[in-house]
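One structure is given here, and the rest of the page talks about it.
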Amino acid sequence: MTNPNLRPESIPDGARRPGAAPRQGGRPRLLAGVLALGCFAGVIGVWWLSVANPTGQAMEQAAFAGSLIGARFVSDHARSLLHIVSLPAAIGLVLVVLVGALWRGSRRRALWAATAVVAINLSTQVLKYLVLWRPDYGLSQRFGGMNTLPSGHTAMAASAAVALILVTRPQWRSGAAGAGALLAAAMGYSTLVCQWHRPGDVIAALLLATAWGSLAVAGGAWADEEETTAEPARTQQASTLLGPATGQPLPPQAALPQAPSPRRRMPGRALGQRTPGAAILLGLGILAGAAALVLAVLNWQGVMAAGGAPTPATIQALGRTGTFIAYAAGAVGTVAVACTGMGALALLTPREAGQGGALTRPYAG
């Protein structure tokens with residue numbers, strides 16, 4: 001029985017369980033901040049390796065040429081997908097996210113999701129046209145020498161994926177991450193096969209979207225889950241360590257663990273339950289990343305063996321096999337970053353304080 005006049009905050013520090021923390025929301029937010037910083041740094045790193053570096057431009061141009069191989073089988077579907085994603089579609093996305101989240105009574109998630117969508121797409125345009133640039137090494141004639149990193153179409157699709165993850169309840173978050181990764185990867189691949197963008201443009205957009213989604217989590221998009229998961233554990237500690245009516249600490253013998261009471265799941269409150277789906281998605285992303293790294297190394301070796309200069313002659317010397325390897329590296333890398341980013345974002349779901357599974361509560365009476 002719990003003292004009705006007892007508040008968890010009144011538990012003396014010495015009476016708390018060893019290692020027990022009154023709040024469990026700090027660690028996911030800290031990890032989200034670290035992930036955001038890493039992804040922002042990754043955007044700059046991708047730009048430096050694939051755009052500012054002459055060898056990187058040659059590798060990207062090889063992938064650009066390799067995208068023509070077999071393009072006739074998928075280009076029609078890819079172009080249809082590309083034409084769907086536009087500025088009106090992005091505005092409609094923000095409205096759908098807001099209405100959906102508000103309808104389910106989560107104004108905080110709706111606000112953070114809409115903010116993330118706007119931030120992702122706005123920062124994409126600012127980086128592309130105002131911050132980053134493309135040095136002219138003789139391989140930029142197709143786009144008039146302008147910078148194309150990050151990809152705007154990929155950023156729009158990735159922002160939709162991030163918004164879906166942010167507004168989805170914890171028990172469905174892994175599924176949302178999988179659907180979002182599929183949408184973002186499909187959009188990124190479509191821009192590759194239609195020669196709208198190079199692999200670095202797509203990967204940078206995916207990293208940028210993951211960064212802003214992580215910042216939303218670090219800023220408190222899921223703060224309601226942290227608050228709900230922390231309070232039951234603190235109340236349980238109070239009722240165990242203090243007397244039922246007096247509020248005084250119990251003798252050591254009386255504070256021994258008691259048999260657990262029958263428990264029931266709170267509907268829609270499986271907070272912190274990290275279902276295997278997000279971990280599997282993250283694992284697939286890591287495996288795809290390893291494969292993409294191997295293909296990228298083969299691409300680099302081929303470019304260097306052909307002279308390493310960012311010239312059309314180097315691309316021609318690679319031949320059909322070399323350019324296809326470069327293209328495959330970009331395509332697999334796109335899948336890797338999409339799966340890894342969305343899976344990691346879903347895994348930032350706060351854990352339940354003191355429990356490993358879904359949030360539960362004892363039966364009343």
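The values are calculated or read from the model by the stated rules, or taken from the named source; none is laboratory data. Small disclaimer: the values here were computed from a predicted structure and weren't measured. Every residue, glycine among them, receives a Cβ derived from its backbone with ideal geometry; neighbour counts consider all protein chains shown. The protein model used for the area step is the full one, side chains on, heavy atoms only, and it has no ligands, DNA or RNA in it. Shrake-Rupley method; radii C 1.70, N 1.55, O 1.52, S 1.80 Å.
All but one of (1) open to solvent by less than 20 Å² (accessible area, probe 1.4 Å); (2) closer than 20 Å to Gly333 by Cα; (3) of a type in the set (S, T, N, Q); (4) outside any helix (DSSP H, G or I) hold for Asn147; which doesn't?
(2)
Of Leu192, Leu183, which residue is part of a helix (DSSP H, G or I), more than 16 Å from the chain's Cα centre (by Cα) and either closer than 27 Å to Ala279 by Cβ or aliphatic (A, V, I, L, M) (or both)?
Answer to the selection: Leu192.
State whether one or more residues within the stretch 235-258 are at pLDDT 90 or above and surrounded by 17 or more Cβ atoms within 10 Å (Cβ to Cβ).
No, because not a single residue in the stretch 235-258 is at pLDDT 90 or above and surrounded by 17 or more Cβ atoms within 10 Å (Cβ to Cβ).
Working carefully through the options Gly272, Gly308, Gly283, find the one that is at pLDDT below 95 and surrounded by fewer than 19 Cβ atoms within 10 Å (Cβ to Cβ).
The unique qualifying residue is Gly308.
Here are some conditions: (1) surrounded by fewer than 22 Cβ atoms within 10 Å (Cβ to Cβ); (2) in contact with a Cys (Cβ under 9 Å, 6 or more places away or on another chain). Gly341 meets all but one. Which one does it not meet?
Every condition holds for Gly341 apart from (1).
Go through the stretch 183-224 residue by residue and tally those that are surrounded by 24 or more Cβ atoms within 10 Å (Cβ to Cβ) and farther than 19 Å from Val126 by Cα.
Of the residues in the stretch 183-224, 13 are surrounded by 24 or more Cβ atoms within 10 Å (Cβ to Cβ) and farther than 19 Å from Val126 by Cα.
Restrict the check to the stretch 66-76 and report whether at least one residue is under 30 Å from Ile325 (Cβ atoms), at pLDDT 80 or above and part of a helix (DSSP H, G or I).
Yes, the conditions are met somewhere in the stretch 66-76.
Does Ala110 satisfy being modelled with pLDDT of 90 or more and of a type in the set (Gly, Ala, Ser)?
For Ala110, the condition - modelled with pLDDT of 90 or more and of a type in the set (Gly, Ala, Ser) - is not met.
Given the conditions (1) within 25 Å of Leu282 (Cβ to Cβ); (2) open to solvent by 40 Å² or more (accessible area, probe 1.4 Å), and given that Arg173 satisfies all but one, which numbered condition is not satisfied?
(2)
Rundown of residues vs (1) surrounded by fewer than 16 Cβ atoms within 10 Å (Cβ to Cβ); (2) modelled with pLDDT of 95 or more; (3) assigned to a helix (DSSP H, G or I), yes/no style:
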residue: Arg27; (1), (2), (3): yes, no, yes
residue: Gly33; (1), (2), (3): yes, yes, yes
residue: Gly42; (1), (2), (3): no, yes, yes
residue: Leu49; (1), (2), (3): no, yes, yes
residue: Phe64; (1), (2), (3): no, no, yes
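Give just the number: which of (1) part of a loop (DSSP other than H, G, I, E, B); (2) open to solvent by 20 Å² or more (accessible area, probe 1.4 Å); (3) within 27 Å of Leu281 (Cα to Cα) does His153 not satisfy?
If we test His153 against (1) part of a loop (DSSP other than H, G, I, E, B); (2) open to solvent by 20 Å² or more (accessible area, probe 1.4 Å); (3) within 27 Å of Leu281 (Cα to Cα), just (1) comes out false.
Would you call Leu166 assigned to a helix (DSSP H, G or I) and open to solvent by 20 Å² or more (accessible area, probe 1.4 Å)?
No.
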